Amino acid sequence: MSLLRVEHMTHYFGGLQAVSDYALELEPGQIKGLIGPNGAGKTTIFNLITGIHTPSEGHVYLDGQEITGLRPHRIAAQGLGRTFQNLALWRHMTVLEHVKMAHYSRIDYGLVGAFLGSRRRRVQEQEFTERSRELLRMLDIESHAEQLVVNLPYGVQRRVEMARALATDPKVLLLDEPTVGMTAEELRQMIEVIHLVHQRLGLAVFIIEHRLRFVMELCQEVQTLVFGRVVAQGEPEEILNHPKVIEAYLGEDWED
Amino acid sequence: MTYFLQNLVNALQWGSFYALIALGYSMVYSILMLFNFAHGDIFMVGAYIGFGVASALVAFNSLGLVVLPGWLLLVLTILVSMLLTSFVGMLVERIGYRPLRDAPRASAAITGLMIGIILETGNLALLGAQRVRLPTMIQSVTYDLGGVFITNKKIMIVLVSLGLMLTLHQFVRRTKWGMAMRAMAYDYAVVPLMGVPLNKIAAMTFAIGSALAAAAGILYGVAYPVLDPYMGIVFGWKAFVAAILGGRGSIMGACLAGFLLGFIEIFVTMVFPSTLRDLIAYGIIMLILVFRPHGFFGEAYSARLRL
């Protein structure tokens, strides 16, 4: 069975069918893309998979375990990491605090330990700080560790978000438009970062993206979503020439 | 000069009550973006629970079942009441607010007002309209410091309040729950995706806020022993003002603004007749807000609630 598997997922917001009969198979180590015009329901699919909304119908399995309808923090603990389209950072916390926060479920020293500075607290603090710094080093932002995120350039903030998602120890990483608003230089760096993460940690990655160049360079397979329905699925080259895709994007500024 | 110092001491005590209550408003607002308008009444409930616990302890003591010194009775009363009141707070969150988390904010505000009325009238139904008196646990001792009179109670009230504020500060800095609370104050939606159980943190926040309000209630009872079911209304509103003045969601701000409120109220009565106290004091605070609409430590942005 695939690492992340979605079957017959349908979702309604009131009377509106936002997603209809969606299916996904993501294999270990695979990078897949999800493209589609604005309002097609891409982010909704992410929200359904990560438990922010519970799908009206259908099933989601992660590593063989059903996760449909679980609370978001349980799904995260099962190994699903995610970033957001609009950066969802904690403005006045430091970069290091962001990444440490993601260790929440593994911090198990209690109130007394926290106040009196028990041995377990010391050991765990050291371990998680070390691990966090390692992730920051990998993403080449360790020099910003003690800075507040609100003061950092956009491209760095994006990588902080990525580091935070990685720190939850995911098996699958969901990236929601990781390059939105980026300069060409930042875009190139982001491609490198995703390659790096993919190779170094062997994660399966599922990406929502608008920029086709990005998708072409990274993804082994692409789904195209229009009005909540997958209209085309396959290798990137194939998808780009697919009549339904061209139709969906006609008039849209997709050539970058 | 001694007159000034005397008022300073009184203002510190008076400000402690506001600061402790304001913390509950501020913490809940910062993580859930709602003002718990029942919080003033939680202060009242805390004082009454303190009355119950203290009466029981004093009765045990006089029957000879336990023999404890007065200060220990007070400490026990505060701790037990904080614990019991924190359950009341969690209950309010679970029944009143959690089902409304995605509802319009106005609904949550109205819920708070209704819970407040229920707590007040529930108290009336349970204990009747008669006021109650918190048993005396420690005897007043007055120290004369060069014309400034300080009672042991005032010292105790200020020190216990400051101690609780420091403990809260440490809690928020040092524990993972505190870290989660800080994160939720900036962006609420992502926090669960870091493996943090949102409902548990929300319940915990209500519990802590209510426990602090209970401590304020008992300390208030130590200074002014007569309790009545409506004592929480005006105190609640004023502490709410302190929470806003401090900057919504700021712990430090809520404490400072609570003390500032105490100072302004007391010092206004130094100069003007006490019947004009609130008129002038809150006129001043309105002026402060005109110039600093986000309060002392508030950020000039509106955080959005998603999810």
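Just for the range A:59-97: of the residues that are more than 30 Å from A:Ala23 (Cβ to Cβ) and either among the small types (Gly, Ala, Ser) or facing another protein chain (nearest Cβ under 8 Å) (or both), which one is nearest to the chain's Cα centre (by Cα)?
A:Leu89
Taking the range B:64-102 as the region of interest, how many residues are in a helix (DSSP H, G or I) and touching a residue at least 40 places away in the same chain (Cβ under 8 Å)?
Looking only at that region, the number is 22.
Would you be able to tell me the number of residues in the range B:1-49 that are more than 30 Å from B:Leu198 (Cα to Cα) and assigned to a helix (DSSP H, G or I)?
Here is the first cut: in the range B:1-49, the residues more than 30 Å from B:Leu198 (Cα to Cα) are B:1-16, B:48.
If we keep only those that are assigned to a helix (DSSP H, G or I) as well, we get B:2-16, B:48.
So the answer is 16.
Scan the range B:196-220 for residues that are among the aliphatic types (A, V, I, L, M) and within 12 Å of another protein chain (Cβ to nearest Cβ) and report the count. Give the derivation first.
Kept after step one, since they are among the aliphatic types (A, V, I, L, M), are these residues of the range B:196-220: B:196, B:198, B:201-204, B:207-208, B:211-216, B:218-219.
Those still in the list that are within 12 Å of another protein chain (Cβ to nearest Cβ) too: B:196, B:198, B:201, B:204, B:208.
Number satisfying all stated conditions: 5.
Would you be able to say whether some residue in the range A:96-103 is in contact with a Gly (Cβ under 7 Å, 6 or more places away or on another chain) and part of a helix (DSSP H, G or I)?
No, that holds for no residue.
Of all residues in the range A:13-43 being charged (D, E, K, R) and not in a strand (DSSP E or B), which is surrounded by the fewest Cβ atoms within 10 Å (Cβ to Cβ)?
Kept after step one, since they are charged (D, E, K, R), are these residues of the range A:13-43: A:21, A:25, A:27, A:32, A:42.
Then keep just the ones that are not in a strand (DSSP E or B); that gives A:27, A:42.
Details: A:Glu27: 14, A:Lys42: 23.
The qualifying residue surrounded by the fewest Cβ atoms within 10 Å (Cβ to Cβ) is A:Glu27.
Criterion first (free of Cβ contacts under 8 Å to residues at least 12 places away in the same chain, of a type outside the set (D, E, K, R), more than 24 Å from B:Ala38 (Cα to Cα) and within 14 Å of another protein chain (Cβ to nearest Cβ)) does B:Leu159 satisfy it?
For B:Leu159, the condition - free of Cβ contacts under 8 Å to residues at least 12 places away in the same chain, of a type outside the set (D, E, K, R), more than 24 Å from B:Ala38 (Cα to Cα) and within 14 Å of another protein chain (Cβ to nearest Cβ) - is not met.
Can you name the residue in the range B:20-60 that is farther than 20 Å from B:Ala242 by Cα and not hydrophobic (A, V, I, L, M, F, W, C) and is also surrounded by the most Cβ atoms within 10 Å (Cβ to Cβ) among such residues?
B:Gly50
Would you mention how many residues in the range A:187-216 are assigned to a helix (DSSP H, G or I) and modelled with pLDDT under 85? Before you say what the answer is, go through the steps one by one.
Within the range A:187-216, the subset assigned to a helix (DSSP H, G or I) is A:187-201, A:212-216.
Next, from what is left, pick out any that are modelled with pLDDT under 85: A:212-216.
Number of matching residues: 5.
Collect the residues in the range B:170-195 that are more than 7 Å from every other protein chain (Cβ to nearest Cβ), modelled with pLDDT of 90 or more and under 16 Å from A:Gly117 (Cβ atoms), keeping them in residue-number order.
Scanning the range B:170-195 gives B:Phe171, B:Gly178.
Quickly run through the range A:67-99 and pick out the residues that are more than 21 Å from A:His53 (Cα to Cα) and surrounded by fewer than 22 Cβ atoms within 10 Å (Cβ to Cβ).
At the first step, the residues of the range A:67-99 found to be more than 21 Å from A:His53 (Cα to Cα) are A:90-99.
Correct list: A:Arg91, A:His92, A:Met93, A:Thr94, A:Leu96, A:Glu97.
Go through the range B:123-141 and report how many residues are outside any loop (DSSP other than H, G, I, E, B) and under 24 Å from B:Leu73 (Cβ atoms).
Qualifying residue count, the range B:123-141: 5.
So, in the range A:104-120, of the ones that are closer than 23 Å to B:Pro192 by Cα and assigned to a helix (DSSP H, G or I), which residue ends up farthest from the other protein chains (Cβ to nearest Cβ)?
A:Arg106
The values are calculated or read from the model by the stated rules, or taken from the named source; none is laboratory data. These figures come from a predicted structure and were not determined experimentally. All Cβ positions, even for glycine, are placed from backbone atoms using ideal geometry, and neighbour counts span all protein chains on display.
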